[in-house]
1. Please list, ordered by first then second residue, the pairs with beta carbon atoms under 7 Å, 6 or more apart or interchain, first in the stretch 60-86 and closer than 23 Å to Ala127 by Cβ and free of Cβ contacts under 8 Å to residues at least 40 places away in the same chain, second buried (at least 20 other Cβ atoms within 10 Å of the Cβ) and of a type in the set (Asp, Glu).
2. For the stretch 157-195, what are the residues that are of a type in the set (Val, Ile, Thr) and either surrounded by fewer than 16 Cβ atoms within 10 Å (Cβ to Cβ) or not in a strand (DSSP E or B) (or both)?
3. Is one or more of the residues making up the stretch 124-141 of a type outside the set (A, V, I, L, M), in contact with a helix residue (DSSP H, G or I) (Cβ under 7 Å, 6 or more places away or on another chain) and assigned to a loop (DSSP other than H, G, I, E, B)?
4. Among Val12, Val25, which is the only one that is surrounded by 15 or more Cβ atoms within 10 Å (Cβ to Cβ) and in contact with a Pro (Cβ under 6 Å, 6 or more places away or on another chain)?
5. Among Tyr172, Tyr126, which is the only one that is farther than 19 Å from Asp28 by Cα and among the aromatic types (Phe, Trp, Tyr)?
6. So, restricting to strands (runs of 3 or more DSSP E) that lie completely within the stretch 23-92, which ones have at least 1 residues that are in contact with a strand residue (DSSP E or B) (Cβ under 6 Å, 6 or more places away or on another chain) and among the aromatic types (Phe, Trp, Tyr)?
7. Only one of (1) surrounded by fewer than 17 Cβ atoms within 10 Å (Cβ to Cβ); (2) modelled with pLDDT of 90 or more; (3) touching a Cys at 6+ places or on another chain (Cβ under 8 Å) fails for Ala103. Which number is that?
Amino acid sequence: MTKATQHAHFLVQAHLASLGTNSYVAIDATVGNGFDTVFLAQCVGETGLVIGFDVQDMSSATQYLVQAGLHHRVRLLQRGHETLLQSLKEVCPPDQMLPHVQAIMFNLGYLPHGDKSLTTRTETTYAALQQSAQILASGGILTVICYPAHDGGGEETEAVLAWAKKMPSSEYGVIHTKVLNKHGVPPELLVVYKY
C-alpha cells in the first residue's frame, strides 16, 4: 500500500467517523485487488453498503472480502466507473432515490502485479468524477490517487486536477497533496469535501 493510499484511508476513516452515524454508502471506483474495497467495507458499518467498479476480473477482491468476512456489505460490478450513475440507478430499487454516498475512492493507474497496459483512462476517469460529484452527499468525501509516472498517467493527473480546480468553492473544498522530498514522480492525492 502506498503512503498516498494510507493517507487517503486515514482521511476517509476520520471523516466518516465524524459524521456520527453507523451506516454509510461508499463507492470504490477502482476495485483492483480489493484493498480499498475491504477498507470501505470496514468503515460503512454492519448495515452499510460498498459498491465497487472495475473492468478487470475481481476474483481476488472477492476472495479478500470473503476472508475478511465483509462480502455481505459489498456489491461488485464488473464495468467501468464511467457507468457509475446509470449503474447506481440499476442497483437501487426503482421506488427509491439514489443513495446518499458519503465516500468515493479512486486509485488510478494500473493493477499492481497485473497487466500494466490496462490502465484507467483520462476520458472515463473524467466522466466518473463528473458523476461522482453529482451523487456525493452533502458532508461527503471523495479521494483520488493519481500516478503521473506511468504512460498516460501524467495526462490523466492533469485532467483530474483541472476538473478539481473548476469545482465551485461554495459547494466543495479541494485539497491536493504530493510528496516533495521523494525521487522520481510520486503519486498525488486529491481530496474533495462536499459542503
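1. From the stretch 60-86, the pairs are Gln78/Asp54.
2. Across the stretch 157-195, the qualifying residues are Thr157, Val160, Ile175, Thr177, Val179, Val185.
3. Checked the stretch 124-141: no residue is of a type outside the set (A, V, I, L, M), in contact with a helix residue (DSSP H, G or I) (Cβ under 7 Å, 6 or more places away or on another chain) and assigned to a loop (DSSP other than H, G, I, E, B).
4. Val25
5. Tyr172
6. Once the strands (runs of 3 or more DSSP E) in the stretch 23-92 are filtered for at least 1 residues that are in contact with a strand residue (DSSP E or B) (Cβ under 6 Å, 6 or more places away or on another chain) and among the aromatic types (Phe, Trp, Tyr), what remains is 49-53.
7. Ala103 satisfies every listed condition except (1).
Residues are listed down the side, and each one gets a yes or a no for (1) among the aliphatic types (A, V, I, L, M); (2) out of contact with any Leu (no Cβ under 8 Å at 6 or more places or on another chain):
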{"site": "Gly45", "(1), (2)": "no, yes"}
{"site": "Ile51", "(1), (2)": "yes, no"}
{"site": "Ser60", "(1), (2)": "no, yes"}
{"site": "Tyr64", "(1), (2)": "no, yes"}
{"site": "His72", "(1), (2)": "no, yes"}
{"site": "Arg75", "(1), (2)": "no, no"}
{"site": "Ala103", "(1), (2)": "yes, no"}
{"site": "Gly114", "(1), (2)": "no, yes"}
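The values are calculated or read from the model by the stated rules, or taken from the named source; none is laboratory data. This is a predicted model, so every value here is computed, not measured. Cβ sites come from the backbone with ideal geometry, for glycine too, and all protein chains shown count toward neighbours.
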